[in-house]
């Protein structure tokens with residue numbers, strides 16, 4: 001059986017493989033260390049790893065001889081390379097389920113994940129590669145008062161602690177990024193780049209990302225997104241008018257808008273949905289002459305575009321003669337086409353038959369939707385005060401000081417969802433700066449409205465709060481989702497019977513596996529005794545199951561069923577796709593009954609078989625009942 005690797009994949013290894021496929025001559029090997037064992041001649045065996053010959057790669061990408069550094073267009077900042085390295089480096093961590101803080105854990109397909117979003121994205125990348133239809137994020141705007149995620153490479157530990165004082169529940173440091181900081185833009189860019197690099201791989205072929213931002217980092221964010229997603233995949237910059245009245249406290253201008261950048265995985269495969277027509281737009285259509293084609297509105301017969309056949313005179317039913325179009329204009333249609341339309345009843349002459357004729361535009365013949373526009377008014381999608389009222393109506397804050405200052409309105413996110421997702425598919429929406437969980441709330445509301453089956457994954461850093469009620473920001477999001485789901489069910493009990501209003505809470509933690517990476521000289525007998533079991537104390541079978549699901553790329557929202565075989569707890573995931581048992585003293589009966597279910601994967605703990613005879617029979621049992629099952633241990 002193969003050992004599960006139990007850590008997130010290395011993006012460096014993946015990138016080397018991709019480059020190697022394109023340019024095999026750029027693959028090389030390099031020495032990264034030496035083994036401890038000394039050879040008879042006194043030397044030690046080198047430890048090698050694959051690498052890229054960058055000089056050769058540079059030449060492959062140049063039409064002239066590439067020598068030395070040359071001036072070129074580029075966007076860079078201090079520590080950018082380390083930021084890219086941070087995105088690519090693997091971690092040994094896991095996500096642990098928390099049933100007591102979840103809602104309908106066994107049946108829901110929504111996820112609420114607590115932890116640093118960079119680490120969470122690394123853990124999710126294999127499982128959700130190319131599976132996300134829409135990403136929405138509302139990252140810190142870098143206004144000078146935001147707390148940003150400060151990653152380890154940015155400063156030394158002493159500087160880090162001196163500048164900080166902010167910690168999340170897991171001890172992750174948060175730093176206030178003030179404009180007096182000499183790394184003001186640098187720190188923000190180093191925070192956002194690795195997260196966007198990872199996020200890109202989550203997008204489906206027809207996936208899209210919406211990113212809220214203001215003027216402080218708009219230019220930098222767009223440049224970063226051009227690098228990550230490709231400038232050709234930029235769709236639009238939305239202007240959202242978020243305030244309904246000017247701020248009298250503004251120093252210069254009242255800033256009444258935010259921006260929303262839109263990028264797609266590929267402009268070749270992404271197409272926005274048309275938005276529903278409004279009652280106001282439809283009200284322009286009427287049917288005063290009882291036209292059997294239904295409501296219509298008149299349009300101008302003339303246009304300024306030159307048309308050689310558009311200069312004829314027209315005689316109205318009243319007898320009035322119109323010599324021709326207005327000066328400088330032309331009739332839209334040829335004379336033959338015009339009288340053909342009149343014969344079909346598609347021309348309006350006015351009630352007395354004396355008007356300048358107007359072609360009819362029928363409501364039934366126009367697009368049954370509206371092409372999205374780049375200006376979104378607060379009348380249409382709400383404003384910041386709406387958002388705060390929505391949040392206060394769902395979350396009981398001990399004091400007004402604890403209410404989020406900048407939540408987003410539900411209608412704002414719902415509009416994005418209408419543009420990017422569909423009701424007849426199980427689209428997954430990801431928000432890894434989830435804040436007050438507006439995105440999850442919006443998903444439930446739109447599913448209620450159109451009967452959709454959209455699913456969400458929310459990620460929120462559990463930054464601590466000085467509150468009598470909430471220990472962290474994540475607690476606010478969970479209470480909002482719980483209250484919103486209950487309210488939706490109460491308001492529409494008949495139409496929401498099958499609506500998923502639950503969520504599984506998962507929490508970022510260190511790996512379930514003990515650290516066993518010691519050199520022989522470091523081993524002591526007490527340490528060897530402790531390694532008889534390679535699972536950390538306090539970790540439950542369900543903890544192990546979710547780490548296995550991560551490692552095997554199985555959706556964390558998959559159905560999980562528990563059963564008992566010969567006194568042992570056995571998990572069946574995704575209708576038997578994975579069968580797992582993490583109990584000790586596994587017998588032939590457990591293995592036989594598991595094999596009879598013909599799972600794709602079977603996983604158990606290392607050295608957990610009851611006897612040597614069980615170990616001997618293991619492969620034969622699977623060869624008999626399910627030879628194609630992939631068997632792994634941890």
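The values are calculated or read from the model by the stated rules, or taken from the named source; none is laboratory data. This structure is a prediction, so every number in the text was calculated from the model and none was measured. Ideal geometry is used to build each Cβ from the backbone, glycine not excepted, and the neighbour counts take in all protein chains shown.
Only one entry in 272, 295, 276 is modelled with pLDDT of 95 or more and under 30 Å from residue 132 (Cα atoms), namely 272. Would it be correct to say that residue 262 is in the same structural domain as residue 193 (by TED's automatic domain parsing), in a strand (DSSP E or B), over 19 Å from residue 191 (Cβ atoms) and more than 16 Å from the chain's Cα centre (by Cα)? Spelling it out, it is not the case that residue 262 is in the same structural domain as residue 193 (by TED's automatic domain parsing), in a strand (DSSP E or B), over 19 Å from residue 191 (Cβ atoms) and more than 16 Å from the chain's Cα centre (by Cα). Evaluated against (1) out of contact with any helix residue (DSSP H, G or I) (no Cβ under 7 Å at 6 or more places or on another chain); (2) more than 21 Å from residue 414 (Cα to Cα); (3) at pLDDT below 95, residue 370 falls short on exactly one condition, (2). Taking the criterion of being loosely packed, with under 12 Cβ neighbours inside 10 Å and either at pLDDT 90 or above or within 30 Å of residue 449 (Cβ to Cβ) (or both), the residues of segment 504-543 that qualify are 537, 538. In this entry, residue 616 passes the filter for residues that are surrounded by fewer than 18 Cβ atoms within 10 Å (Cβ to Cβ), free of Cβ contacts under 8 Å to residues at least 12 places away in the same chain, over 39 Å from the mean Cα position of the chain (by Cα) and in the same structural domain as residue 565 (by TED's automatic domain parsing). No other residue among 551, 606 is at pLDDT below 95, surrounded by 15 or more Cβ atoms within 10 Å (Cβ to Cβ) and not in a strand (DSSP E or B) apart from 551. I'd like to know if segment 493-503 contains one or more residues that are more than 29 Å from the chain's Cα centre (by Cα) and either modelled with pLDDT of 95 or more or closer than 30 Å to residue 423 by Cβ (or both). Checking segment 493-503: at least one residue is more than 29 Å from the chain's Cα centre (by Cα) and either modelled with pLDDT of 95 or more or closer than 30 Å to residue 423 by Cβ (or both).
Looking only at segment 289-342, how many residues end up being assigned to a helix (DSSP H, G or I) and surrounded by 11 or more Cβ atoms within 10 Å (Cβ to Cβ)?
Just the residues of segment 289-342 that are assigned to a helix (DSSP H, G or I), to begin with: 335-342.
Of the ones still in play, those that are also surrounded by 11 or more Cβ atoms within 10 Å (Cβ to Cβ) are 335, 337-342.
Residues meeting the conditions: 7.
Among the residues that make up segment 425-442, is at least one of them farther than 16 Å from residue 137 by Cα and surrounded by fewer than 19 Cβ atoms within 10 Å (Cβ to Cβ)? Checking segment 425-442: at least one residue is farther than 16 Å from residue 137 by Cα and surrounded by fewer than 19 Cβ atoms within 10 Å (Cβ to Cβ).
Give me the residue from segment 116-135 that is in contact with a helix residue (DSSP H, G or I) (Cβ under 9 Å, 6 or more places away or on another chain) and part of a loop (DSSP other than H, G, I, E, B) and, out of that set, nearest to residue 266 (Cα to Cα). Restricting to residues being in contact with a helix residue (DSSP H, G or I) (Cβ under 9 Å, 6 or more places away or on another chain) and part of a loop (DSSP other than H, G, I, E, B), the top hit is 130.
Scanning segment 343-368 for residues that are farther than 11 Å from residue 317 by Cα and either in contact with a strand residue (DSSP E or B) (Cβ under 6 Å, 6 or more places away or on another chain) or surrounded by 16 or more Cβ atoms within 10 Å (Cβ to Cβ) (or both) yields a total of 8.
Within segment 443-467, the only residue that satisfies the criterion of being crowded, with 24+ Cβ neighbours inside 10 Å, within 21 Å of residue 401 (Cβ to Cβ) and touching a helix residue (DSSP H, G or I) at 6+ places or on another chain (Cβ under 6 Å) is 460. Of the numbered criteria (1) surrounded by fewer than 17 Cβ atoms within 10 Å (Cβ to Cβ); (2) out of contact with any helix residue (DSSP H, G or I) (no Cβ under 7 Å at 6 or more places or on another chain); (3) without any contact (Cβ under 8 Å) to a residue 40 or more places away in the chain, the one residue 388 fails is (1).
The residues of segment 261-288 that are touching a strand residue (DSSP E or B) at 6+ places or on another chain (Cβ under 7 Å) and more than 15 Å from residue 363 (Cα to Cα), listed by number, are 261, 262, 263, 264, 265, 266, 269, 270, 274, 275.
Could you grab me the full set of residues in segment 228-249 that are surrounded by 16 or more Cβ atoms within 10 Å (Cβ to Cβ) and assigned to a helix (DSSP H, G or I)? Passing the criteria: 228, 229, 233.
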